[in-house]
Number of protein chains: 2
Amino acid sequence: VDHFGFNTDKTFKQRYLIADKHWKKDGGSILFYTGNEGDITWFCNNTGFMWDMAEELKAMLVFAEHRYYGESLPFGANSFKDSTHLNFLTSEQALADFAKLIKHLKRTVPGAKNQPVIALGGSYGGMLAAWFRMKYPHMVVGALASSAPIWQFEDLVPCGVFMEIVTADFRKSGPNCSESIRRSWDAIRRLTSTGPGLHWLSEALRLCSPLTNSQDVEHLKDWITETWVNLAMVDYPYESNFLQPLPAWPIKVVCQYLKNPNVSDPQLLENIFQALNVYYNYSGQVKCLNMSETATRSLGSLGWSYQACTEMVMPFCTNGIDDMFEPHSWNLKEFSDDCFKQWGVRPRPSWITTMYGGKNISSHTNIIFSNGDLDPWSGGGVTENVTDTLVAITIPEGAHHLDLRANNAFDPTSVLLARSLEVRYMKQWIKNFYASLRKKH
Amino acid sequence: VDHFGFNTDKTFKQRYLIADKHWKKDGGSILFYTGNEGDITWFCNNTGFMWDMAEELKAMLVFAEHRYYGESLPFGANSFKDSTHLNFLTSEQALADFAKLIKHLKRTVPGAKNQPVIALGGSYGGMLAAWFRMKYPHMVVGALASSAPIWQFEDLVPCGVFMEIVTADFRKSGPNCSESIRRSWDAIRRLTSTGPGLHWLSEALRLCSPLTNSQDVEHLKDWITETWVNLAMVDYPYESNFLQPLPAWPIKVVCQYLKNPNVSDPQLLENIFQALNVYYNYSGQVKCLNMSETATRSLGSLGWSYQACTEMVMPFCTNGIDDMFEPHSWNLKEFSDDCFKQWGVRPRPSWITTMYGGKNISSHTNIIFSNGDLDPWSGGGVTENVTDTLVAITIPEGAHHLDLRANNAFDPTSVLLARSLEVRYMKQWIKNFYASLRKKH
């Protein structure tokens, strides 16, 4: 449970998945998914790229679950009980788990010992893959960090960039689409200023729990905002089911309903409902919209909320001009107080850059940072080469770690190119590993 | 206090020393001593090399005290109370302290912000310097790791190599010297098999507390063993006072008394006394020899004992053939049980190699590993170049981190060469830093 202290010798069971169908003991490799904030089976099922290249790289696939997510709970049902039990939920502990797991596999799986390991991950898992290569370069020959916003900390990038990208996605996906959304906030404010308005809006949006006060209205706006953000993340070119079941290019579908911003408030909100319905009810089976859920339950939102309140302090802001949202500045004090209220801990906003180097990472090697231009997280990502071996790959038509997904007939050429380049780098790392192994003997 | 957990926000005062007499804001540098297991003023006073090169490198000198040593006690007088209070005494916490201190200095000392920092340290401090460069390469452009036994873990080197080097030092320092010591153990055993023998030996060795039982005899042998080990570490070419006040080449002086192994047991032990007296009573002021102290009190032996029982698990062994000691195999189980008895913790012998890479460190850059051939710790050190930028410097006539000591008229040429090579590397790192800084602007 605690790699960094010796007062407790408590252990826990970490879940990991292995596929060795295409693995070759002779000249093979190990692709190691550095699990992030969710159930590992879900990541496993949404990382088809690893499965697609397994044969070519003669690779064993390993998917390691991140502690405090899925079934890898250090204190079972008590894991989220209080800050004492949560104390071991950090990226450093997770990286150490990965290191020990790789050591364990190399020791126990015959033939794995002298094979190169490559770390792969998407989103927070991509940050972990990159950081793992940075901190444990003796464990992995390289890392593919897909959609990894390692610079979404402190003032490394402007706090507004994330929401600007979300806005751009909607702007590009249909005429007046982002403008309709921009106007919706005032419409909501005006409509909900009266009791009957609250009631009407609750009905119009088919909310499972009706709005009763101004706090509910704030919650509503946050929920709608998060919906647009999530759509930007999963704006994939084909029908998919990552955060929710969705049609191909879902923002385009959403924007079909948001063509006209110059309508009455009620009409605008009816349109917003249609748009939300694309995200929450693509199946057509949903009876009402539930504001307490915005994405798959496979994500561990509780654990992530704690991590965001401790290490993963990502400043976000909006100004309503460069983005389609209500203006919100980044308020660390308020954020910290909220964290203290919810978890009894306070964030340390500069810790991640102290630990992982911020923008000063050029002494590391063999990391691919891939980003999709549609993905709001690309704003905090590495989108230009840092050195010859810290390379950036951008996918103009890509949303959140599209490159990690399975090959699809509707994939744009840019992601096919990205994947093939990624495979080429990985093959080079593997080749170099075996070359230096031969030199030693 | 805890960089790796958020359950406590407790802080403590870390002591550090700064000298800026020769520091230049324009083109200067920062030499950062990564403090080890002792009072930082003592290390500061025994690291003359930094003072000697300050002017040439236009350097600010910083000496950072390691937590749990000197005055940097996280829980004041309670710091060593139990395993709960000791829980934050690890190398990882210490490295994080250094990282935060450097950040603090760069933020608060005008002119320091855009200057290259170089980590330096000796012994455990040398390991920390190397590890700091490995784990925080964004913080330091390079590291001088002097007499740093980073491979004295697990089975990276044979467990007997340390004592073999101690033995070789005595063998080389006078005829029959190591042989006399080898025979002394049996002589002690024979002499102490009777009550009068115990009494006689206590008198002969001028022990402050007389030997009363076989446990005392074991303690005596351990104490004598440690004395020979310490002499090997500080076998400097000139009069010095590191672990104890000593003459130049102290082992040669010791060996003057150990020329003849073919004498009676009492005579041999009288000779051993004379030899010990060189180490414990060079001043001539000591009335009796105290078995409870073997070295300066500036070293934090309590803290180190805990560290050795947790992370710093160094296997040592002797066989009595390749070395001059009684045979002792390395027994992890016994060691672990002793640790549990003393501290309530158990060692994790493979953790350090998991964390810091063991012999697989070639992806790092800009570390100088210097070792003296007389130094028993060189057995666990890096004594051959790993790559072009992970370089080894050996000093044939050097004991424990002789290169870090101040220039001295009696310095052998080999250490002068080592120091000048070290300075050359450091200047190159500084030059490269400023070159890449200019490229950015």
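Can you tell which of B:Ser363, B:Ser283, B:Ser370 is assigned by the TED database to the domain that holds B:Tyr68, touching a Pro at 6+ places or on another chain (Cβ under 7 Å) and of a type in the set (S, T, N, Q)? Spell out how you get there, then give the answer.
Working: B:Ser283 fails: assigned by the TED database to the domain that holds B:Tyr68; B:Ser370 fails: touching a Pro at 6+ places or on another chain (Cβ under 7 Å).
On inspection, the qualifying residue turns out to be B:Ser363.
Hey, does region A:278-295 have a residue that's of a type outside the set (Val, Ile, Thr), open to solvent by 30 Å² or more (accessible area, probe 1.4 Å) and within 14 Å of chain B (Cβ to nearest Cβ)? No - not one qualifying residue is present in region A:278-295.
Listed by position, the strands (runs of 3 or more DSSP E) contained in region B:1-118 that have at least 3 residues being over 30 Å from B:Val234 (Cβ atoms) form an empty set. Residue selection: A:Ser202 fails the criterion of being outside any helix (DSSP H, G or I), more than 23 Å from A:Cys317 (Cα to Cα) and of a type in the set (Ser, Thr, Tyr). Within region A:342-355, residues that are closer than 16 Å to B:Tyr136 by Cβ and facing chain B (nearest Cβ under 9 Å) sit with their Cβ atoms under 6 Å from residues that are open to solvent by 10 Å² or more (accessible area, probe 1.4 Å) and in a loop (DSSP other than H, G, I, E, B), at 6+ positions apart or across chains, in these pairs: A:Ser350/A:Glu154; A:Thr353/A:Glu154.
Listed by first and then second residue, the pairs linking a residue in region A:269-284 that is closer than 13 Å to A:Gln244 by Cβ to a residue that is open to solvent by 20 Å² or more (accessible area, probe 1.4 Å) and in a helix (DSSP H, G or I), with Cβ atoms under 6 Å apart and 6 or more places separating them unless they lie on different chains, are A:Val278/A:Val253. A:Lys113 meets all of the listed conditions (1) more than 20 Å from A:Trp343 (Cβ to Cβ); (2) more than 13 Å from chain B (Cβ to nearest Cβ); (3) surrounded by fewer than 23 Cβ atoms within 10 Å (Cβ to Cβ) but one, namely (2). The listed residues are A:Gly303, A:Gly320, and the only one of them that is part of a loop (DSSP other than H, G, I, E, B) and closer than 30 Å to A:Thr353 by Cβ turns out to be A:Gly320. For region B:145-154, the count of residues that are more than 18 Å from B:Thr389 (Cα to Cα), away from chain A (no Cβ under 14 Å), touching a residue at least 24 places away in the same chain (Cβ under 8 Å) and more than 13 Å from the chain's Cα centre (by Cα) is zero.
Selection of region B:356-394 for residues being in contact (Cβ under 8 Å) with a residue 12 or more places away in the chain, buried (at least 16 other Cβ atoms within 10 Å of the Cβ), within 14 Å of chain A (Cβ to nearest Cβ) and not β-branched (Val, Ile, Thr) yields B:Tyr356, B:Gly357, B:Gly358, B:His364, B:Asn366, B:Leu390. Going residue by residue through region B:329-336, is there one that turns out to be exposed (fewer than 14 other Cβ atoms within 10 Å of the Cβ), more than 12 Å from every other protein chain (Cβ to nearest Cβ) and touching a Ser or Thr at 6+ places or on another chain (Cβ under 8 Å)? Taking every residue of region B:329-336 in turn, none turns out to be exposed (fewer than 14 other Cβ atoms within 10 Å of the Cβ), more than 12 Å from every other protein chain (Cβ to nearest Cβ) and touching a Ser or Thr at 6+ places or on another chain (Cβ under 8 Å).
Take the conditions hydroxyl-bearing (Ser, Thr, Tyr) and open to solvent by 20 Å² or more (accessible area, probe 1.4 Å) and apply them to B:Ser193. Does it pass? I'd like the intermediate steps shown before the answer.
Working: hydroxyl-bearing (Ser, Thr, Tyr): yes; open to solvent by 20 Å² or more (accessible area, probe 1.4 Å): yes.
Yes; evaluated as a whole, the condition is true for this residue.
Which residue is least open to solvent (accessible area, probe 1.4 Å), if the candidates are limited to region B:1-29 and must be of a type in the set (A, V, I, L, M) and more than 14 Å from chain A (Cβ to nearest Cβ)?
Step one: list which residues in region B:1-29 are of a type in the set (A, V, I, L, M), which gives B:1, B:17-19.
Now drop any that are not more than 14 Å from chain A (Cβ to nearest Cβ), which leaves B:17-19.
Working: B:Leu17: 44, B:Ile18: 79, B:Ala19: 19 Å².
Result: B:Ala19.
Evaluated against (1) under 24 Å from B:Asp82 (Cβ atoms); (2) in contact with a Phe, Trp or Tyr (Cβ under 7 Å, 6 or more places away or on another chain); (3) loosely packed, with under 14 Cβ neighbours inside 10 Å, B:Thr310 falls short on exactly one condition, (3).
The values are calculated or read from the model by the stated rules, or taken from the named source; none is laboratory data. Keep in mind it's a predicted model, so treat the numbers as computed, not measured. Counting neighbours? That spans all protein chains shown, and the Cβs are built from the backbone with ideal geometry, glycine included. Surface accessibility is based on the protein's heavy atoms, side chains included, excluding ligands, DNA and RNA. Shrake-Rupley method; radii C 1.70, N 1.55, O 1.52, S 1.80 Å.
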